[in-house]
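The values are calculated or read from the model by the stated rules, or taken from the named source; none is laboratory data. The shown structure was predicted, so the numbers you read here are calculated from the model rather than taken from an experiment. Note: ideal-geometry Cβ built from the backbone for every residue, glycine included; neighbour counts use all protein chains shown.
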Amino acid sequence: MAKTLPKTDAVIVGVGWAGGIIAAELGKQGLKVVGLERGKERGVKDYYVVHDELRYGIRYELMQDLSKETITFRNHGKERALPMRQLGSFLLGEGLGGSGVHWNGHTFRFLPYDFEIKSQTVKKYGESKIKGLQIQDWGITYDELEPYFYEFEKAAGIGGEEGELGPKRADPFPNPPMKETPITARFKKAAKSLGMKPYQMPSGNMSEAYENQYGAKMAPCQYCAFCERFGCEYGAKADPTVAVIPFAKETGNVDIRNFANVTEIIHDGKKATGVRYVDVQTKEEFIQPAEMVIVTSYVMNNTRLLLTSKLGSPYNPDTGTGVIGKNYCYQILPGSAGFFDEEQFNTFMGAGALGATVDDYNGDNFDHSDLDFIHGGSISINQSGYRPIQYNMVPTDTPKWGSKFKENSIKYFTRALSIGTQGASMPVQLNYMDLDPSYKDAYGLPLLRMTYDFTEQDKNLYNYIGKITDNIMKEMGPSKINDRQQLEHYDIVPYQTTHNTGGVIMGAEPETSAVNNYLQMWDAENVFVVGASAFPHNGGYNPTGTVGALAYRAAEGIIKYSKEGGLLA
Amino acid sequence: MSEHEQKQESTMSRRRFIRNSGLVAGGLVGGGILGGLIGANMNKDGTATEENTHTNGHDQVAYQQSPLYFTNPETFGILQAAVERIYPKDENGPGANDLDVPFFIDHQLAGSWGNNTREYMQGPFFPGSNFQGYQSPLKRHEVFDVGLAALQTYSNEKFKKPFAELEGEQQDEILTAFEEDQVKLRGVTSRTFFNILRAATIEGVYADPAYAGNKNMEGWKMKDFPGHQMSYINQIESEKFVKIKPNSLHSYTK
Ligand SMILES: Cc1cc2nc3c(=O)[nH]c(=O)nc-3n(C[C@H](O)[C@H](O)[C@H](O)COP(=O)(O)OP(=O)(O)OC[C@H]3O[C@@H](n4cnc5c(N)ncnc54)[C@H](O)[C@@H]3O)c2cc1C
Ligand code: SF4
C-alpha cells in the first residue's frame with residue numbers, strides 16, 4: 001500500500017537543470033515544493049578522486065543505471081525494438097543535478113530561425129522545400145525568449161563573446177570568454193582565411209571567479225581536462241548542484257528527496273492530483289499530492305511518464321496525429337580529423353567548453369535555394385582534453401589493433417585535432433517514441449521505445465557540412481586528414497551525443513503540440529513538462545542554453561498559474 | 001601434436017615452474033592450482049619475470065598481480081597471448097603483458113563490469129540488427145569464458161597447437177577470424193567477444209594503475225599523457241608542447 005503524504009504546492013519530477021531552476025524560482029516566490037530525484041544526492045564534495053577515466057569516462061559512474069531502466073530501440077517500424085542494454089549513443093543522467101553535473105557546458109542560444117523554422121523556410125523557399133519534414137514553429141519567438149536566455153546564462157555564469165552571425169544579445173555575457181590556446185587560435189585563423197567569422201565558444205566553465213543571482217560562488221576553471229563525463233571538484237563548472245539547488249534549499253520551501261523514482265502522474269483526466277513514487281532503496285511506495293506537477297525528467301522519461309500515466313494523446317506514426325512521442329530528433333555530427341606529423345599540441349589539457357565556433361553554416365545563415373536540405377549546424381573546435389582510453393585517433397588506413405595501431409594511436413594522441421559540428425536534426429513522421437510492448441523496467445512499467453533513423457535530409461546536411469569542416473581542417477595545415485565516412489543508419493552503440501529532443505513538443509496549437517509556450521500541457525493545465533522534450537526539432541547548437549531559457553519561461557508560467565489558474569496561452 | 005602430448009607439455013611447464021619457484025610445499029601439489037595463480041606471470045622458459053619476484057622496483061609487493069577471476073592457468077595463458085597481439089611490445093614501448101593488462105582484465109571480470117550489474121539484462125533475448133548493440137544473454141565474464149575457450153579450440157583445429165604456442169601471425173589470423181565474425185560461439189558472436197577483448201585491452205593499457213594495468217604509468221608515458229593533474233591553468237596557453245611527469249590516483253592519498 002502506498003503511503004499518502006501531505007499535499008504540497010508543486011511536485012517536481014527529476015532534479016537536473018530544468019528541475020533545479022524551477023525549484024529555485026518557485027521556492028523564491030514562497031511556493032512549497034517537493035523535488036523527487038531517483039538518483040543520489042551529490043555535489044562538489046564527492047569529486048575528490050574524480051580524475052579517473054575508467055570509472056567516470058568509460059564505465060559511466062555518474063550516469064543512469066540501466067539495470068533498472070533503459071529504452072528499447074529500432075531503426076524502423078517493421079523491426080523488433082530491442083533494449084539498449086548498455087550505454088552508448090547517449091549518456092542519460094541520474095542523480096542530483098542530472099546530466100548538468102557531467103556535461104561540458106557549451107551554452108548556446110538557438111537561432112531566431114529555429115523558433116520560426118516553418119514559416120521562415122516556406123516564406124523564403126516555398127512549401128516544397130519542407131516536403132516530408134514534420135517541422136513546425138515553436139509558438140514563441142527568439143525575441144520573446146531573449147530575457148529568459150539571459151536569466152539562465154547568469155545562473156550558469158556563461159563566459160563568451162557575441163558571434164557576428166549568432167542571435168543578437170540584449171546584454172553582454174556574464175563572464176569573459178575562455179582563454180585562447182594554440183588550438184583555438186589555429187582554428188580561428190583557418191576559418192577567417194576562408195571568409196568565416198569565428199568566435200570563442202560560450203562556456204559554462206567559469207572563465208573567472210563568479211557569483212550568480214542566487215549567491216552561488218563558482219571558482220575559476222582550472223582547465224583540468226576531466227570535464228565531460230566528470231563532476232567538477234572545484235565547483236568551476238555550471239552545475240545545478242552548485243548554481244541553483246543550494247539556493248532552492250536555502251529558501252526553506254524546497255524539500256528534495258533522493259532515491260525517489262516517480263512511476264505515475266495521478267490525474268482525473270483533466271488535472272493532475274499528484275504523483276506516485278517508489279523509494280528505490282527501501283522499495284516503499286508513496287503518493288505525493290500536489291496542486292501542480294512539474295515534469296523535468298529529461299526527454300525519455302518526460303515522454304514515458306505521460307504515456308504510462310495516460311495523460312495527453314499518444315502520437316500515431318501512421319497518421320501523424322496525436323502528440324506524446326512526436327518529433328523525436330537527435331543531432332547530425334559531421335566532422336574532420338587532421339593529423340599533424342611535425343607538431344605536438346597540448347591536447348591533454350583543456351576544459352569542457354573551451355573552443356571556437358563558426359555560425360556561417362548554421363540555420364539559414366547561408367542560401368539553401370540550390371541545396372537539398374534545410375538548416376545546418378555550428379562548426380567548432382573543442383579542446384576539452386584528450387584522455388588515453390577514449391581518444392585513439394588514427395589515420396583512416398590504420399588497422400584497429402596490433403603494432404601499427406599502437407604506433408599511430410600513441411603518435412597522434414598529441415598530434416591529431418578534430419573539428420565537429422552540432423548539426424540540426426529535422427523531424428519526420430516515422431521517427432518517434434512510444435511504449436515498448438514487451439520490455440519492462442524494474443518497477444514493471446513498459447520501457448520507452450524509440451524508432452529512429454537518419455533521413456535524406458540528414459545525409460545531405462551531413463555531406464555538405466562535412467566538406468566545409470574538411471576545408472577548415474585542411475586550412476589548419478595538417479599532414480593528412482581522414483576520409484569522411486557516409487552517414488548510414490543510426491547506430492545505438494558508439495557515443496554520439498546526449499542531445500535528444502522532442503516527444504512533448506511545444507507550439508501554438510493543441511492539435512499539433514503537447515505544451516504551450518509556458519510548457520503547460522494543453523490537456524492538463526496544472527502539468528508543466530519542461531526540457532528538450534519540448535523542442536519541435538533540434539537546432540544546430542547544443543541544447544542546454546535553450547533548455548535553461550525554457551525552464552525560466554516555465555517557472556514564470558507556473559508562478560502565474562499558481563495565482564490565476566487556467567491555460568496561460 | 002596430439003591432444004595428449006599438449007596436455008603433457010602444459011603440465012610439464014607447470015611442474016618446471018613449481019620446481020623453479022621453490023614453492024612446492026609437501027603435499028600441496030595436486031590438480032592445477034599452484035600453477036594457476038602464480039604461473040600466470042611465467043616466461044616461456046619457466047623462469048619468473050621480474051614482477052614475478054613480487055617487487056615492482058620499490059621493494060614493495062605487487063599484490064595486485066593476483067588473479068581474482070581466472071582459476072585456470074591455461075585460460076589465463078590464452079588471454080595473455082591474445083592481449084599481447086592486440087597491444088604488442090615493440091620499439092614504441094611495453095606491450096599488454098608488461099603492463100599487466102591480463103590482471104586488469106581479470107579484476108574487471110571479477111567485479112561489476114564482468115557481471116554487467118549496471119546494464120539491462122532482462123530477456124527476452126534476440127540477436128538484433130547491427131545497429132541495436134549488445135544483445136547477448138551472457139555476462140561479460142561468461143563471454144570471456146566462451147571466447148577464450150573458442151580461441152583454443154579454433155587454434156587446435158586449425159594449427160594443431162594451443163593458441164598461446166602459435167606464432168604471432170597465426171594468432172593474428174585467428175583473432176581476425178573472430179573479429180570478422182567467422183567463428184560460431186555459444187550465446188555470443190565472435191565479433192562481440194573480440195570487440196570486448198580489444199576494448200578491455202586498451203583500457204588495461206591506459207586506465208589508472210590503481211586498476212592493476214598501466215604498470216608504473218608506462219602506458220601513459222608512451223602517449224605523453226600526464227594522468228591526473230590538478231590544474232593546467234598556467235600551461236593552457238603555452239605555444240610549446242609541455243612534458244609533465246605523470247601522476248596517478250595514488251597521489252590523492254599519498
Ligand atoms: C556527457 C554529456 C555532455 C554534454 N554536454 C553538453 C554541452 O556541452 N552543452 C549542452 O548544451 N548540453 C550538453 N549536454 C546535455 C545536457 O547535459 C542536458 O541537455 C541537460 O543536462 C538536460 O537537463 P534536464 O534537467 O532537462 O535533464 P537531466 O539533467 O537529464 O535531469 C533529469 C533528472 O530527472 C531524473 N529522473 C528521470 N526520471 C525520473 C523519475 N521517473 N523519477 C525521478 N527522477 C527522475 C534523472 O535522474 C535526472 O537527474 C551533455 C550531456 C552529456 C551526457
Ligand atoms: S575543466 Fe574546468 S570546469 Fe571542467 S572539471 Fe576541470 S576545472 Fe572544472
Do the conditions hold for residue A:252, that is, is it within 13 Å of ligand 2 (Cβ to nearest atom) and either away from every other protein chain (no Cβ under 12 Å) or over 23 Å from the mean Cα position of the chain (by Cα) (or both)? no
Considering (1) within 16 Å of ligand 2 (Cβ to nearest atom); (2) in contact with a strand residue (DSSP E or B) (Cβ under 6 Å, 6 or more places away or on another chain); (3) assigned to a loop (DSSP other than H, G, I, E, B); (4) not acidic (Asp, Glu), say which one residue A:163 fails and leave the rest. (1)
Looking at (1) hydrophobic (A, V, I, L, M, F, W, C); (2) under 20 Å from residue A:109 (Cβ atoms); (3) within 13 Å of ligand 1 (Cβ to nearest atom), which is the only condition residue A:226 fails? (2)
At least 1 residues that are at pLDDT 95 or above and more than 9 Å from chain A (Cβ to nearest Cβ) in each: list the helices (runs of 4 or more DSSP H) lying fully within region B:158-254 that qualify. B:168-179, B:190-206, B:218-223
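Per-residue answers, yes or no, for (1) among the small types (Gly, Ala, Ser); (2) touching a residue at least 40 places away in the same chain (Cβ under 8 Å); (3) buried (at least 21 other Cβ atoms within 10 Å of the Cβ):
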position	(1), (2), (3)
B:94	no, yes, yes
B:97	no, no, yes
B:117	no, no, no
B:141	no, yes, no
B:148	no, yes, yes
Looking at A:346, A:362, can you tell me which residue is within 16 Å of ligand 2 (Cβ to nearest atom), at pLDDT 95 or above and in a loop (DSSP other than H, G, I, E, B)? A:346
Report whether or not residue A:166 is closer than 26 Å to residue A:474 by Cβ and touching a residue at least 60 places away in the same chain (Cβ under 8 Å). yes
Here the residues within region B:98-114 that are farther than 21 Å from residue B:179 by Cα and either within 12 Å of chain A (Cβ to nearest Cβ) or part of a loop (DSSP other than H, G, I, E, B) (or both) are B:98, B:99, B:100, B:104, B:107, B:108, B:111, B:112, B:113
Checking residue A:345 against (1) buried (at least 23 other Cβ atoms within 10 Å of the Cβ); (2) within 14 Å of chain B (Cβ to nearest Cβ); (3) touching a Pro at 6+ places or on another chain (Cβ under 7 Å), only one condition comes out false. Which one? (1)
Exactly one of (1) in contact (Cβ under 8 Å) with a residue 60 or more places away in the chain; (2) surrounded by fewer than 21 Cβ atoms within 10 Å (Cβ to Cβ); (3) among the basic types (Lys, Arg) is unmet by residue A:38. Its number? (2)
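Conditions tested, residue by residue: (1) surrounded by fewer than 24 Cβ atoms within 10 Å (Cβ to Cβ); (2) of a type in the set (Gly, Ala, Ser).
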residue: A:75; (1), (2): yes, no
residue: A:87; (1), (2): yes, no
residue: A:98; (1), (2): no, yes
residue: A:112; (1), (2): yes, no
residue: A:117; (1), (2): no, no
residue: A:123; (1), (2): yes, no
Taking residue A:545, is it away from ligand 2 (no atom under 16 Å from the Cβ), in a helix (DSSP H, G or I), touching a Pro at 6+ places or on another chain (Cβ under 8 Å) and at pLDDT 95 or above? yes
Return yes or no: is residue A:131 within 14 Å of chain B (Cβ to nearest Cβ) and either on the phi < 0 side of the Ramachandran plot or within 15 Å of ligand 2 (Cβ to nearest atom) (or both)? no
Are any residues in region A:202-223 within 16 Å of ligand 1 (Cβ to nearest atom) and either part of a loop (DSSP other than H, G, I, E, B) or without any contact (Cβ under 8 Å) to a residue 12 or more places away in the chain (or both), and if so, which ones? A:202, A:204, A:206, A:207, A:221, A:223
Pairs needed: first member in region A:343-354, more than 22 Å from residue A:159 (Cα to Cα) and without any contact (Cβ under 8 Å) to a residue 40 or more places away in the chain; second member anywhere, among the aliphatic types (A, V, I, L, M) and within 16 Å of ligand 1 (Cβ to nearest atom); C-beta distance under 8 Å; at least 6 residues apart or different chains. none
Test for residue A:150: is it closer than 30 Å to residue A:246 by Cα, at pLDDT 95 or above, among the aromatic types (Phe, Trp, Tyr) and in contact with an Asp or Glu (Cβ under 7 Å, 6 or more places away or on another chain): yes
Flag for residue A:381 being under 25 Å from residue A:352 (Cβ atoms), within 12 Å of chain B (Cβ to nearest Cβ), touching a Phe, Trp or Tyr at 6+ places or on another chain (Cβ under 9 Å) and β-branched (Val, Ile, Thr): no
Just a yes or no: is a residue in region A:387-394 modelled with pLDDT of 95 or more, crowded, with 17+ Cβ neighbours inside 10 Å and closer than 26 Å to residue A:194 by Cβ? yes
When you go through A:147, A:202, A:198 one by one, which is the residue that is within 15 Å of ligand 2 (Cβ to nearest atom), away from chain B (no Cβ under 14 Å) and of a type outside the set (A, V, I, L, M, F, W, C)? A:202
Would you check if residue A:320 is away from ligand 1 (no atom under 16 Å from the Cβ), on the phi > 0 side of the Ramachandran plot and either touching a helix residue (DSSP H, G or I) at 6+ places or on another chain (Cβ under 8 Å) or of a type in the set (Ser, Thr, Tyr) (or both)? no
Just for region A:99-120: of the residues that are within 14 Å of ligand 2 (Cβ to nearest atom) and outside any helix (DSSP H, G or I), which one is farthest from residue A:59 (Cα to Cα)? A:107
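One line per residue, one yes/no per condition, for (1) touching a His at 6+ places or on another chain (Cβ under 6 Å); (2) under 24 Å from residue B:119 (Cα atoms); (3) at the interface with chain B (Cβ under 9 Å from one of its Cβ atoms); (4) of a type in the set (Gly, Ala, Ser):
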| residue | (1), (2), (3), (4) |
| --- | --- |
| A:54 | no, yes, yes, no |
| A:77 | no, no, no, yes |
| A:86 | no, yes, yes, no |
| A:93 | no, yes, no, yes |
| A:96 | no, yes, no, no |
| A:99 | no, yes, no, yes |
| A:102 | no, yes, no, no |
| A:115 | no, no, no, no |
| A:119 | no, no, no, yes |
Only one of (1) more than 9 Å from ligand 2 (Cβ to nearest atom); (2) assigned to a loop (DSSP other than H, G, I, E, B) fails for residue A:192. Which number is that? (2)
